[in-house]
1. Can you compute the helix-only [θ] at 222 nm over the chain? Use -39500 (n - 2.57) per DSSP H run of at least 4 residues, normalise by all residues, nearest 500 deg cm²/dmol.
2. Order these peptides, 290-296, 46-52, by their mean beta-carbon neighbour count within 10 angstrom, highest first.
3. Give the separation of the Cα centroids, the range 231-257 to the range 16-34, in Å.
4. Give the distance, in whole Å, between the Cα centre of the range 195-230 and the Cα centre of the range 35-86.
5. Within the set of other residues whose C-beta is less than 10 Å from the C-beta of Ala262, count the net charge using Lys and Arg as +1 and Asp and Glu as -1.
6. So how much slack lies between Thr257 and Glu30, counting 0.36 nm per residue of separation and subtracting their Cα-Cα distance, in nm?
7. Taking a 24 Å limit on the Cα-Cα distance, which of the listed pairs Lys45/Lys263; Lys40/Lys313; Lys160/Lys263 fall beyond it?
8. Kirkwood hydrodynamic radius of the range 216-314 from all distinct Cα pairs, in Å?
Amino acid sequence: MSTITKTQAAVGRSAARGSILGIEGMPLSEIDRLLQLARKMNPLKPRPLLRGKRVLLLFYEPSTRTRASFEIAAKALGATTTLILSSGSSIEKGESLLDTAYTLRAVGADVIVVRHPNAGAPHLMARHLDIPVINAGDGMHEHPTQALLDAYTMLRHKKKLNSLQVAIVGDVYHSRVARSAIHLLSKVGARTTLCGPPELVPEIAATLAPGLRISRSCEEAVRGADVVMVLRVQRERLAGLKLSLPDYISRYQITMTRLRLAKNDAMLMHPGPIIRGLELTWDVADCPQSVIVEEVSNGVPLRMAVLARALGKG
Ligand code: CP
C-alpha cells in the first residue's frame with residue numbers, strides 16, 4: 001500500500017506487522033530472536049539490508065541515546081533517516097498525533113520510531129498505519145528497546161539471564177525503562193527486587209509481574225545481586241510527592257560501599273541519563289563494574305536488529 005486513507009484508519013485494527021510496542025506483550029521467542037539477531041549486527045561493518053528504506057524518527061520528548069542510536073543503526077543498514085521533533089514542526093501548530101503519522105506515511109516513511117509523553121501513543125499510531133511503529137518510550141509506560149539492549153548487555157557479561165538476581169534501585173514509579181525491564185526479566189525467569197521509598201516504588205509495583213519483590217532497604221536489595229540497575233530520580237516529575245532528596249540520597253544512593261554488597265562480579269547498570277551525586281556517586285558511575293557506557297554502545301546493534309526485523313529482514 002503506498003498511501004494511507006481515513007478508511008484505513010478504522011478503530012480496532014491490530015498493530016501494523018513488525019511493530020515493536022512493548023515487552024509486556026512480546027513473546028519470549030521474539031525477545032530471544034531479537035537478541036540473537038543483535039549479535040550478528042556490527043555497526044562498524046555496515047550491511048545494506050535496508051537500502052532504499054526510509055526511517056522516520058518522531059520525537060515529542062528529549063532524547064540523546066535512543067535517538068542517536070536509532071539514527072546510526074538505520075544508517076548502518078543503508079536506510080535514510082528523517083528526524084521530526086515536536087519543536088519546530090507542525091506539531092507546534094496543533095497537528096494531532098494521527099495526522100502527523102498520516103503525513104509521515106504519505107511522504108514515504110517505511111517505519112516510524114516514536115517517543116511520546118503519553119502512554120499508548122505508539123500503539124494508537126500502529127493501529128492506524130500500515131507500516132511498523134517502534135516505541136522509543138511512551139510516557140511512564142514502556143521503553144522496549146532499552147530493556148532489550150539491557151538484556152543484550154547482561155548476556156555479554158553473564159551466561160544466562162534466568163539465573164540472575166537483579167536489584168532495580170530508584171524511581172521505578174515514573175520509569176518506562178523499569179516497566180519494560182521488569183516484564184523482560186520476569187519472562188526470562190530472573191529474580192528481580194525493586195528498591196526505593198514508597199513514593200518511588202509503591203507497593204502496587206509488585207503486581208507488575210510474577211515473582212517481583214520490593215525492598216525498602218538498599219543494602220538488602222543489593223546484597224548478593226548479579227546486576228544492580230540504578231534509575232534516575234526524575235526530579236521533573238516529583239512535584240506533589242513528599243520526597244526529600246537528602247533523605248533519598250542517604251538511604252538509596254548507590255555508593256561504592258553499597259555496591260560492594262553485591263557479588264564481586266556484579267554489573268552496575270543505568271539506562272541514562274545519569275545524575276552523578278543523586279542516584280549514584282561519581283566513583284560508582286566510573287567504577288570497573290559500571291557498564292553504563294557499554295549499554296549506550298549496545299543500543300546500536302540492538303536497534304539495527306529491531307529495524308531489520310520490523311522491515312522483514314531478520
Ligand atoms: N535511556 C534513554 O532512553 O536515554 P535518552 O532519553 O537519552 O534516549
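Every number here is computed from the coordinates shown, using simple stated rules; none is lab data. Only a predicted model underlies this, so the values are computations on that prediction, with no experimental measurement involved. Don't worry about glycine lacking a Cβ; one is built from the backbone with ideal geometry, like all the others, and counts go over all protein chains shown.
1. -10500 deg cm²/dmol
2. Result, highest mean Cβ count within 10 Å first: 290-296, 46-52.
3. Spelled out, the Cα-based centre of one part sits 33 Å from the other.
4. Each part reduced to its Cα centre gives a spacing of 33 Å.
5. Details: positive: Arg223, Arg258, Arg260, Lys263; negative: Asp226, Asp265.
Neighbour charge sum, excluding Ala262 itself: +2.
6. Using 0.36 nm per residue and subtracting the Cα-Cα distance, I get 77.9 nm.
7. Numbers: Lys45/Lys263 36 Å; Lys40/Lys313 12 Å; Lys160/Lys263 16 Å.
Going by Cα-Cα distance, Lys45/Lys263 fall outside the 24 Å limit.
8. On the way: mean 1/r = 0.0664 Å⁻¹.
Value: 15.1 Å, from the Cα pair sum.
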